[in-house]
Amino acid sequence: MSGVKITETVLRDAHQSLIATRMKIDEMLPILDKLDNIGYHSLEAWGGATFDACLRFLDEDPWERLRIIRSKVKKTKLQMLLRGQNLLGYKNYADDVVEYFVQKAVANGMDIIRIFDALNDPRNIETAIKACKKEGGHAQGTVCYTISPVHSLQHFVDDARQLVDMGADSICIKDMAGLLKPFAAYELVKAIKENVKIPIQLHTHYTSGVASMTYIKAIEAGCDAIDCAISPMAMGTSQPPTEPMVATLKDTPYDTGLDLNLLSEISDYFRPIKESYVSSGLLDIKVMGVDVNALIYQVPGGMLSNLVSQLKQSNAADKYEEVLKEIPKVRADFGYPPLVTPTSQIVGTQAVLNVVTGERYKMVPKESKGLVKGEYGKTPAPIPDEIRKKILGDEKPVTCRPADLIAPELENIRSQISEYMEQDEDVLSYALLPQVAEAFFKKRKAKREKPVENKNDEEIAAVISAAVAAMETDSDSRLVVKSIRRISQTSPVWSTAGRLQRQR
Ligand code: CO
């Protein structure tokens, strides 16, 4: 038996889960070479939140980030997370946008694309899988794990089988909330392994404190690969730590073959970086603990903190317990969706409204309506008739694949941003996050067009020496530089250079 493979998440999910995806490319660059030499199965480096945070907060072009990482990571596969037909955005896109996005992701260096849908509706995953295969990428189909009366082992096995039929190269079981407990993981992985022949990878979070145990049981059941984070950026809401897994599996049939000494060099690098996050307040050490509510209420940790703030805004903080009890009821009414973006927000908000208004479904946001209507895809269980009637009235539900209702949109989007286009990929950034991308493009353009008024000494010296050199090589020049005039410190470099040129 070959060893267990490890995907390192420090460049994506680890910092997404701990510090709201704020790790900058400058903090990654010095360690990429070492990461590349570890022998990981893959490095997860990109996803919806990285894309968003790059453009919105870090003033980085996410495509450029991918290219930079690719240029330094030469041996290890790069991996990303893609929200199926939602790509890295928050709504369904037309197939032409999905295909173009996947094409560009692979062209810019992505190897493995993990594709999921919040409802596990395979119709929302298929276009992305096909596009990935067409571009020569590794398409990893994803089954989102959740707990409900309809999510039996057979249900998950059927989901996995459908992904295989679509051409998935491997299957990921994605436990976004740390709900998968060790012995359940054993049963789940065993059931899927018995029914599909492609590799299985398990993704979980340490939120509820069971994740490393879950990995061990999953590995015993035949799980081929696991997602871990280097220890300083592990645990809490992040992934299980890499080094203890490597040490635990060493000299067993599951030996990862990774070198603990090399891994410790990676942790040495990230430890002070983590400290800086703690001292700046970016990393709240509260997220590093065990969240028991995740086990009791089966609600993702992030969703609970959202709830608390929603309740505070409605001056209803005392209704917390009541809302916690309402969540499973709303989830049942909405066909037991797994709770992950965007369904976690939809169910959570509806539960708050049901409690705060004192009447269930008195207020129904358009997202709730969309979910009940089928705009996000097919829910795991049918929506009860009385709920559908109450929320939709006489409106007809959507029963086809939601993206079938969207006409091709790429050309239209391209025409909207033609004035800012500097690379093909810009149209995709704009398609996914219109306002955010436009603001980024404007800033980028302004930066390029701004006359250089750099007071950087090196640059001034370079310009002066270039100008002097140009005069010296000019044999007809009657001008000899007799003395260098004192340059005022505020004098722009280029006007200084121009002045020197005019002396010729
Ligand atoms: Co995750």
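The values are calculated or read from the model by the stated rules, or taken from the named source; none is laboratory data. Quantities reported herein were computed from a predicted structural model and do not represent experimental measurements. Cβ sites come from the backbone with ideal geometry, for glycine too, and all protein chains shown count toward neighbours.
Which of the residues that make up the range 163-177 are farther than 12 Å from Val143 by Cβ and either under 20 Å from the mean Cα position of the chain (by Cα) or among the aromatic types (Phe, Trp, Tyr) (or both)?
Scanning the range 163-177 gives a single hit, Ala177.
Would it be correct to say that His41 is crowded, with 18+ Cβ neighbours inside 10 Å, away from the ligand (no atom under 14 Å from the Cβ) and not aliphatic (A, V, I, L, M)?
So His41 fits the description; yes.
Select from the range 76-106 the residues that are closer than 18 Å to Gly136 by Cβ and not hydrophobic (A, V, I, L, M, F, W, C) and list them in ascending order.
Scanning the range 76-106 gives Thr76, Lys77, Gln79, Glu99, Tyr100, Gln103, Lys104.
Just give me the residues in the range 12-29 being within 14 Å of the ligand (Cβ to nearest atom), out of contact with any Asp or Glu (no Cβ under 8 Å at 6 or more places or on another chain) and free of Cβ contacts under 8 Å to residues at least 40 places away in the same chain, in sequence order.
Gln16
Tyr269 versus (1) farther than 30 Å from Lys329 by Cα; (2) in contact with a strand residue (DSSP E or B) (Cβ under 9 Å, 6 or more places away or on another chain); (3) of a type in the set (Phe, Trp, Tyr): which is the lone unmet condition?
(2)
Quick one: in the range 364-378, of everything that is assigned to a helix (DSSP H, G or I) and not acidic (Asp, Glu), which residue is surrounded by the fewest Cβ atoms within 10 Å (Cβ to Cβ)?
Here the residue is Lys366.
Which of (1) surrounded by fewer than 24 Cβ atoms within 10 Å (Cβ to Cβ); (2) over 18 Å from Gln298 (Cβ atoms); (3) hydrophobic (A, V, I, L, M, F, W, C) is the odd one out, the single condition Met213 does not satisfy?
Result: Met213 fails condition (2) only.
Of all residues in the range 120-139, which are among the β-branched types (Val, Ile, Thr) and touching a Leu at 6+ places or on another chain (Cβ under 8 Å)?
Ile125, Ile129
Which residue out of Phe441, Phe334 is out of contact with any Lys or Arg (no Cβ under 8 Å at 6 or more places or on another chain), of a type in the set (Phe, Trp, Tyr) and over 29 Å from His155 (Cβ atoms)?
Phe441
Quick one: would you say Tyr361 is in contact (Cβ under 8 Å) with a residue 60 or more places away in the chain, over 22 Å from the mean Cα position of the chain (by Cα) and in a loop (DSSP other than H, G, I, E, B)?
So Tyr361 does not fit the description; no.
As an exercise: evaluate Tyr93 against (1) among the hydroxyl-bearing types (Ser, Thr, Tyr); (2) surrounded by fewer than 23 Cβ atoms within 10 Å (Cβ to Cβ); (3) under 30 Å from Ser148 (Cα atoms) and give the number of the one condition it does not meet.
(2)
So, in the range 1-32, of the ones that are of a type in the set (S, T, N, Q) and more than 21 Å from Met288 (Cβ to Cβ), which residue ends up nearest to the chain's Cα centre (by Cα)?
Across the range 1-32, the extreme among qualifying residues is Thr7.
What's the number of the only condition in (1) farther than 25 Å from Ile125 by Cα; (2) of a type outside the set (Lys, Arg); (3) within 16 Å of the ligand (Cβ to nearest atom); (4) touching a helix residue (DSSP H, G or I) at 6+ places or on another chain (Cβ under 6 Å) that Ala234 fails to meet?
Failed condition: (4).
Got a sec? Which of Val143, Val189 is within 25 Å of Pro241 (Cβ to Cβ) and within 21 Å of the chain's Cα centre (by Cα)?
Just one listed residue meets the conditions, Val143.
Quick check: anything in the range 88-97 more than 16 Å from the ligand (Cβ to nearest atom), without any contact (Cβ under 8 Å) to a residue 60 or more places away in the chain and under 21 Å from Leu433 (Cα atoms)?
Yes, the range 88-97 contains a residue that is more than 16 Å from the ligand (Cβ to nearest atom), without any contact (Cβ under 8 Å) to a residue 60 or more places away in the chain and under 21 Å from Leu433 (Cα atoms).
What is the number of the single condition among (1) modelled with pLDDT of 95 or more; (2) surrounded by fewer than 19 Cβ atoms within 10 Å (Cβ to Cβ) that Ser2 does not meet?
Status for Ser2: all satisfied but (1).
Step by step: first the residues of the range 237-261, then only those that are assigned to a loop (DSSP other than H, G, I, E, B) and over 27 Å from the mean Cα position of the chain (by Cα), then the one that is nearest to the ligand (Cβ to nearest atom). Which residue is that?
Tyr254
Of all residues in the range 124-152, count the ones that are closer than 16 Å to Leu87 by Cα and hydroxyl-bearing (Ser, Thr, Tyr).
2
Do the conditions hold for Ile38, that is, is it of a type outside the set (Asp, Glu) and within 24 Å of Ser264 (Cβ to Cβ)?
Answer is yes for this residue.
Name the residues in the range 311-346 that are buried (at least 20 other Cβ atoms within 10 Å of the Cβ) and in a helix (DSSP H, G or I), would you?
Val323, Glu326, Ile327, Val330, Arg331, Asp333, Thr343, Ser344, Ile346 - these are the residues of the range 311-346 that are buried (at least 20 other Cβ atoms within 10 Å of the Cβ) and in a helix (DSSP H, G or I).
Just a yes or no: is a residue in the range 151-158 touching a helix residue (DSSP H, G or I) at 6+ places or on another chain (Cβ under 7 Å) and under 26 Å from Leu433 (Cα atoms)?
no
Identify, please: which residue in the range 62-85 is in contact (Cβ under 8 Å) with a residue 60 or more places away in the chain and under 15 Å from the mean Cα position of the chain (by Cα) and is, among those, farthest from the ligand (Cβ to nearest atom)?
Step by step, filter the range 62-85, then rank; the result is Trp63.
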